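Below is one structure, written out as structure tokens; the observations come after it.
The values are calculated or read from the model by the stated rules, or taken from the named source; none is laboratory data. Only a predicted model underlies this, so the values are computations on that prediction, with no experimental measurement involved. For neighbour counting, all protein chains shown are included, and Cβ atoms are generated from backbone atoms with ideal geometry for every residue, glycine included. Just so you know, the surface numbers come from the protein's heavy atoms only, side chains and all, with ligands and any DNA or RNA stripped out. Shrake-Rupley method; radii C 1.70, N 1.55, O 1.52, S 1.80 Å.
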Amino acid sequence: MTALTYRYVALTDTGLRRAENEDSGYASERLLVIADGMGGAAAGEIASSETLHVIRQLDRDLDIDAIDALDRAVNDANKRLAEIIARDPSVEGMGTTLDAMLWDGEKFAFAHIGDSRVYRLRRGELQQISTDHTFVQSLIDEGRISKAEARVHPHRSLILRAMLGRDDNGADLSWVQPVLGDRYLLCSDGLSDMVEDHVIATALGAETIDMAATDLVRLALEGGGVDNVTVVIAEFVERGTDPDEHLSSHDGQPQLVGAAASQARPRTGNAASGNDDTSTFDPEELRYAPRPPSRRRWVRWTAALLVVAAILGGGGYWAYQWSQDQYYVSAQDGRVAVFRGVQADIPGLTLSRVDETTQIELTSLTDFQRREIEDGISASSKSDALKTIEELDVIPPAAPLPSAPAPSAPAPAPDPAATTPAAATDAAWRP
Ligand code: CA
């Protein structure tokens, strides 16, 4: 068998719509990595860059099996994210995709989690060798929708697995065996959402991999450029082939791009900056964190404490009136419900009640959304709360659907407590 080595290139662009680049990319003689951060603004940059910085520690001589080394590094990266979140709860909910390919001299150990992709171009044929951990991919697997339908599905960017700083969410690990002439492309969804596979195939086959990288990024920008776009490409050549001085990798130096190459590092302060205005909402937060949880949790506890302080200080009536303008979405008897008042577990004190229940069962939500709901999602008004419910990604039951049920119809039998809310709530917390 011909002894192989590869040439490489990494390229990123912030895109046309975003102010920041939350992608990180890395390419060297031993290691190819892409990480697409999410969680909004700085949090996504931190998630992708910190993950990449941990993973690239593998870029050295290893004394263990490459796949074991990669497995350990993924765990270490998750621990690193957990530490950062523990120190700065304002970044909770951040996460990142990860694709890492570690070369052991003969083959790649490959780790994959999320919806960044790895493609292989072999003799002109493009094949996606990673499987997206997305809601739409699960629908494709079940035969419910086609790949073409997935491209335009309203929830196409919803990820089911990502690096989140938890140890219950490992990466898929496998071996990949390249042959001479293979090209591998690792890319963020900023490319694969904008550019169709057959176009990627043509561009990836450009005369050189540097040209291919430039072409692919250009195509993503021409396709709309709504997201950060990052590509990492490797091309297999015979070992001992002279470096091509026209290629950016001819100097043998690693290439680091995107958030990991900038100065984004974990902060010690509060990332929220007190701005809870939904007009500054970053669509990227929707990918894994439908609402910024810790920031609202902080707001919620502050609100509860203010109400308690007002009651103790004799401002009970004012505090009660104010609390009745507050809403949040949480769970009641296993179903999603709108609550009025402020949410707090203070013994002997009830500051909220069910305002409206829905037919949405918690079991029909993704794990992440179920936890969010159980935890409570604050809303600025009742209509905001209902909007939050409308935006939930309700997973349809596996059996064929009868006529589509209304997602948020009011419950037929209201909670008896809700019929006399003011009296009940008032009584509960008058000193
Ligand atoms: Ca992205």
Can you confirm whether ASP189 is charged (D, E, K, R), in the same structural domain as ALA82 (by TED's automatic domain parsing), within 16 Å of the ligand (Cβ to nearest atom) and open to solvent by 50 Å² or more (accessible area, probe 1.4 Å)? no
Looking at LEU62 and the list (1) more than 17 Å from the chain's Cα centre (by Cα); (2) in a helix (DSSP H, G or I), which single condition is not satisfied? (2)
GLU222 vs (1) at pLDDT 95 or above; (2) open to solvent by less than 70 Å² (accessible area, probe 1.4 Å): all pass except (2)
Across the stretch 14-42, which residue is farthest from the ligand (Cβ to nearest atom) among those that are β-branched (Val, Ile, Thr) and part of a strand (DSSP E or B)? VAL33
Among the residues of the stretch 211-218, are any open to solvent by 30 Å² or more (accessible area, probe 1.4 Å) and within 16 Å of the ligand (Cβ to nearest atom)? no
Can you tell me how many residues within the stretch 79-99 are under 17 Å from the mean Cα position of the chain (by Cα) and either not in a helix (DSSP H, G or I) or not assigned by TED's automatic domain parsing to the domain that holds ALA66 (or both)? 8
Taking the criterion of being surrounded by 23 or more Cβ atoms within 10 Å (Cβ to Cβ), under 27 Å from THR214 (Cα atoms) and touching an Asp or Glu at 6+ places or on another chain (Cβ under 9 Å), would at least one residue in the stretch 178-186 satisfy it? yes
Expected output for the stretch 161-189 (first residue in contact (Cβ under 8 Å) with a residue 24 or more places away in the chain and at positive phi, partner small (Gly, Ala, Ser) and open to solvent by 10 Å² or more (accessible area, probe 1.4 Å), Cβ below 6 Å, 6+ apart or cross-chain) is GLY165/ALA82
Of (1) in contact with a Ser or Thr (Cβ under 9 Å, 6 or more places away or on another chain); (2) within 16 Å of the ligand (Cβ to nearest atom); (3) at pLDDT 95 or above; (4) in a loop (DSSP other than H, G, I, E, B), VAL195 satisfies all except one. Which? (1)
Residue hits (the stretch 100-118; closer than 16 Å to ALA10 by Cα and either within 16 Å of the ligand (Cβ to nearest atom) or within 10 Å of the chain's Cα centre (by Cα) (or both)) are SER116, ARG117, VAL118
